[in-house]
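Just so it is clear, none of the values below were taken in a lab; they were calculated from the coordinates. None of these values were measured; they are calculated from a predicted model. Positions of Cβ are backbone-derived with ideal geometry, glycine not excepted, and every protein chain shown enters the neighbour counts.
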Amino acid sequence: MSTINSISNSSGGLQPLNATGNSSLGKEDFLILLVAQLQNQDPLNPSDPTEFTAQLAQYSSLEQLMTVNQNIENMAAAAQGQQQLSALGLIGREVIVDRGDFQLGDSAVTLGYSLDARADRVELHVQDSRGNSVAVIKPTELSAGTHFISWDGTDRNGLPVPKGNYKLSVLALDSREEGIPNQPLLKSVVTGVDLDGGKSILVTGCGNYALSSVKSIREL
């Protein structure tokens, strides 16, 4: 059987392989090689029918796999478009995100926490971008479940803290001073949606969050 070098150098009017920009062969490239092999085989030593049948089976399998791959890509693109349309429908609605990072602006921020069990003591610690504690809030709601409290952006002394990025962490202890599983939360209104690179980012009054961070949605 002729080698690929002899096939590519022959003058039998063959078309060049597709320049796909990658090192893998597409189904058209595979078919061109198969036809070239038949055109350049030695008449005194033709291709083995069994081997040729196997090559045809390989081509058929390749075509089926590429079709399946294309269908999966189409389905993913459709799902992505549907997700973006769903995100646009959240503008003007109140959302709860299971994140602790937020931005402090001109208005108060609604901080939240979720407890897996009743606590004996709960503290909400607000830290700045350097990890320094700027405020400690002691809410009175200690039962299991989700709770919220408004923070006006003041420190321990009642003085306003600078606008910027902050992080909420939750300390929840039972009567034996053992930790209770918890989750910091933030509640805000969606004012816009950024569609960046196929991702839906919700723009809210306390920061930007991925759609996957949304835990709850409410109408105002």
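The convex hull drawn around the Cα atoms of region 139-219, when projected onto a plane and averaged over every direction, covers 7.7 nm². Once both labels are positioned 7 Å from their Cα atoms along Cα-to-Cβ, the gap between L220 and T154 label points is 2.6 nm. The calculated FRET efficiency for K138 paired with D98, based on their beta-carbon distance and R0 = 25 Å, is about 0.70.
Measuring from a point 7 Å past the Cα of T191 along Cα-to-C-beta, which residues in region 148-168 have an amide N at less than 15 Å? 163-165, by backbone N distance to the label point. Residues whose amide H lies under 5 Å from that of R99, counting only those 5 or more places away or on a different chain, are L186; hydrogens are built 1.01 Å from N in the peptide plane. Under a cut-off of 22 Å between alpha-carbon atoms, report the lysines in cross-link reach of K215, not counting same-chain residues fewer than 8 places apart. Filter leaves K167, K187, K199.
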